[in-house]
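Colleague: Questions regarding the structure given below will be posed in turn.
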Amino acid sequence: DLAKAIDDRLFEVMAALFGGGRALPSLTSESRPITKAEVETEIKKYTEFQKKFDRRMAAYPALSYIIVPTKAEPNFSNLDRWYQRDEGKTFGVFKVYQLTQKGAAQSDETPAPPR
C-alpha cells in the first residue's frame, strides 16, 4: 500500500515521508526532487517497522477510538489484529468505533513502552 501511495504521489503520504515542500515543490522555492533511492529507502524502513511491530507496540499508546469516513472506511485488518471494535456509531459523514485491546483482559499490567 505504501509503494502504491508513493507511485500515486498521494500528498499526505509524500509529505509525511519527505516533508511538504518536497511533496509539493510549489510550496517552496528551494525544493529538490524526491529520488527513486529515497523512495526505496522509505519503503524498506516501513517494511522493517511492520516486521517488528508487536502487541506491546500496538498497546503503547493505547487507542480508545477510531474515527473514519463512512463512505471510505479503511481496511481494518491490521487494527483488528490488536484491537476489538464495537459496532460503531455514525455521526454525519463519520463513523466512530470504540476500541478494546485484545488480550488486555488477561493482564492488569500496562505494557511497557516499546524501545
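The values are calculated or read from the model by the stated rules, or taken from the named source; none is laboratory data. This one's a predicted model, so the numbers in the text were calculated from it and none came from an experiment. Virtual Cβ from ideal backbone geometry, glycine too; neighbours counted across all protein chains shown. The protein model used for the area step is the full one, side chains on, heavy atoms only, and it has no ligands, DNA or RNA in it. Shrake-Rupley method; radii C 1.70, N 1.55, O 1.52, S 1.80 Å.
Colleague: Considering each residue of segment 1-29, count those that are among the aliphatic types (A, V, I, L, M), more than 22 Å from Ser77 (Cβ to Cβ) and open to solvent by less than 40 Å² (accessible area, probe 1.4 Å), and give that number.
Modeller: The total comes to 3.
Colleague: A further question on this structure: Tell me yes or no: at least one residue of segment 30-42 is open to solvent by less than 90 Å² (accessible area, probe 1.4 Å), closer than 18 Å to Gln98 by Cα and charged (D, E, K, R).
Modeller: Residues of segment 30-42 open to solvent by less than 90 Å² (accessible area, probe 1.4 Å): 31, 34-35, 37-39, 41-42.
Filter again for closer than 18 Å to Gln98 by Cα, leaving none.
No, because not a single residue in segment 30-42 is open to solvent by less than 90 Å² (accessible area, probe 1.4 Å), closer than 18 Å to Gln98 by Cα and charged (D, E, K, R).
Colleague: Mind listing whichever residues of segment 51-77 are under 23 Å from Ala3 (Cβ atoms) and open to solvent by 90 Å² or more (accessible area, probe 1.4 Å)?
Modeller: Passing the criteria: Lys51, Lys52, Asn75.
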